[in-house]
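See below for the structure under consideration.
The values are calculated or read from the model by the stated rules, or taken from the named source; none is laboratory data. Model, not experiment: these values are computed from the prediction. With ideal geometry, Cβ positions are generated from the backbone for all residues, glycine too; neighbour counts draw on all protein chains shown. When the accessible area is computed, the model is the full protein with side chains, heavy atoms only, and any ligands, DNA or RNA have been set aside. Shrake-Rupley method; radii C 1.70, N 1.55, O 1.52, S 1.80 Å.
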Amino acid sequence: MRVLIVHPHLNVKGGSERLTKVLIDGLHARYPDNEYLIVTGVYTEDWFGKYANKIKLLKLGMTAEELKDALESICRDFQPDVAIVMVQEPYYCHIIRTACPRARVCMYVHFPIDEEISEENLREYEKHLRYPTLTPKYIDSPHVIVTNSRRTKLAVDMLWPCDSRVVYPCIDDIFFREEPDLEKRRENVVLYVGRFVALKRQDVLLAMLPQLKQEVPDVHIVIAGFVDPRHTEYYEHVKSIVEELQDKYKDVELVPSPSDEKLLELYRLAKVYVHLRIGEHFGMAPVEAMSQGVPFVMRLPTGLAEVFMHGQHGFFVESDYAFLKYTVRLLKLSHDEYLKMSKTVVEAARRFTSTTFAEEMMRVLLTR
């Protein structure tokens with residue numbers, strides 16, 4: 001079987017890019033006899049370099065019409081049996097179906113509207129080969145739409161005249177290569193991982209530091225994530241707050257664009273993982289943290305609440321006040337209580353492997 005995988009910007013280390021890597025890794029492991037082609041405008045060597053001989057590059061900054069010509073040519077040469085577009089861009093599905101009418105085409109939706117797009121940065125998205133204004137015209141192009149949670153599916157049902165199916169995201173194999181040392185006592189480190197965009201609300205966690213210090217004097221905050229070239233102003237905002245707090249508290253650290261090895265190290269140091277994004281469609285970073293034995297505190301609503309339990313794997317909260325309260329509660333757990341929860345979250349995270357994701361995606365894609 002010939003499998004085409006499309007994602008326009010594999011250099012931004014966000015959830016959709018990481019999930020594309022997870023999919024490709026899982027497909028290669030589970031279906032090694034398939035022939036694969038990856039189409040993108042740009043990619044990072046550390047995540048995708050091993051697939052360099054399977055990558056066809058588009059040119060960043062192309063117009064929609066130029067993209068159509070380039071992708072049609074690639075599709076006609078490759079003649080895919082199935083195609084998976086890993087972002088909510090039905091225009092790509094339309095192009096693939098035009099070039100290869102017999103191909104079965106799937107689109108993975110992280111959320112039907114990209115809430116980070118504004119009038120100011122729309123052109124920057126188009127430079128990265130994203131064409132959200134074309135979505136209404138081509139929304140009926142995919143044979144099947146897959147969403148990352150029931151929460152996202154509900155949004156699709158309300159906005160688009162088409163059905164969708166849920167396949168929950170899974171996490172990178174790097175987080176399963178060796179077992180974390182759960183017996184080791186962890187210091188009071190609070191970790192937040194996410195791209196630096198305003199919706200992730202890293203600055204709110206920093207604003208909580210004085211209150212956390214009152215309850216847990218030795219607490220240490222670490223904020224890590226990728227600096228998104230489309231949102232550099234927010235990273236500079238967070239950086240300036242960290243620098244201001246470091247003058248007074250010291251116990252705050254900013255880790256921009258960490259390597260996977262560094263990210264793994266941070267998860268193994270952390271005692272509590274926090275996620276302040278309101279309305280997270282799913283949330284892969286909390287699952288990554290769980291794989292290393294770290295329970296979470298996470299703002300509702302979130303798709304993660306569909307697969308994990310409040311009080312057993314961490315805490316889902318409805319306000320920033322409750323967020324602060326439960327973060328302190330986790331930090332103050334006895335070693336025995338914490339160890340019990342830590343073992344529970346590791347076991348829960350084991351369900352979310354790359355091969356599981358690949359199998360579910362192929363099952364949904366091939367089901368008529």
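Points to keep in mind about this one:
- Normalised by 2.2 N^0.38 Å, where N is the number of residues, the C-alpha radius of gyration of the range 1-136 stands at 0.99.
- Sorting Trp160, Trp47 by accessible area puts them as Trp160, Trp47; the probe is 1.4 Å, largest comes first, and only protein heavy atoms count.
- Helix runs (DSSP H) in the chain reaching 15 Å along axis by Cα, Kyte-Doolittle at least 0.0: 320-331, 354-366
- Think of it as helices only: each DSSP H run of n ≥ 4 in the chain is worth -39500 (n - 2.57), and spread over all residues that comes to -12500 deg cm²/dmol at 222 nm.
- P(r), alpha carbons of the range 1-68 - 5 Å bins starting at zero, rounded %: 4, 16, 28, 25, 16, 9, 3, 0
- Partners for Lys54 among aspartates and glutamates (Cα-Cα distance below 18 Å; same-chain residues under 8 apart left out): Glu17, Asp25, Asp33, Glu35, Glu45, Asp46, Glu72, Asp77, Asp81
- Aspartates and glutamates with Cα under 16 Å of Lys248, excluding same-chain neighbours fewer than 8 positions away: Asp218
- Relative counts (whole %) of C-alpha pair distances in the range 74-233, using bins that are 5 Å wide: 2, 7, 12, 13, 14, 15, 12, 9, 6, 5, 3, 1, 0
- Descending by average beta-carbon neighbour count within 10 Å, the peptides 209-219, 184-194, 277-287 line up as 277-287, 184-194, 209-219, the highest first.
- Pairs exceeding 21 Å between alpha-carbon atoms, taken from Lys13/Lys250; Lys271/Lys343; Lys213/Lys262; Lys59/Lys137; Lys262/Lys332: Lys13/Lys250; Lys213/Lys262; Lys59/Lys137; Lys262/Lys332.
- Cα centroid separation, the range 311-368 to the range 191-270 (Å): 21 Å
- Per residue Cα convex hull volume in Å³ - calculated over the range 241-349: 118 Å³
- Spherically averaged projected area in nm², based on the convex hull that wraps the Cα atoms of the range 79-119: 3.3 nm²
- For trypsin sites (Lys or Arg not before Pro), the sites in the range 95-129 that DSSP calls loop and that have at most 10 other Cβ atoms within 10 Å are Arg102.
- Two-decimal Rg/Rh across the chain, once Rg and the Kirkwood Rh are taken from alpha-carbon atoms: 0.98
- Given their separation in residues at 0.36 nm each and the Cα-Cα distance between them, Asp260 and Glu215 gain 13.0 nm when the chain is fully extended.
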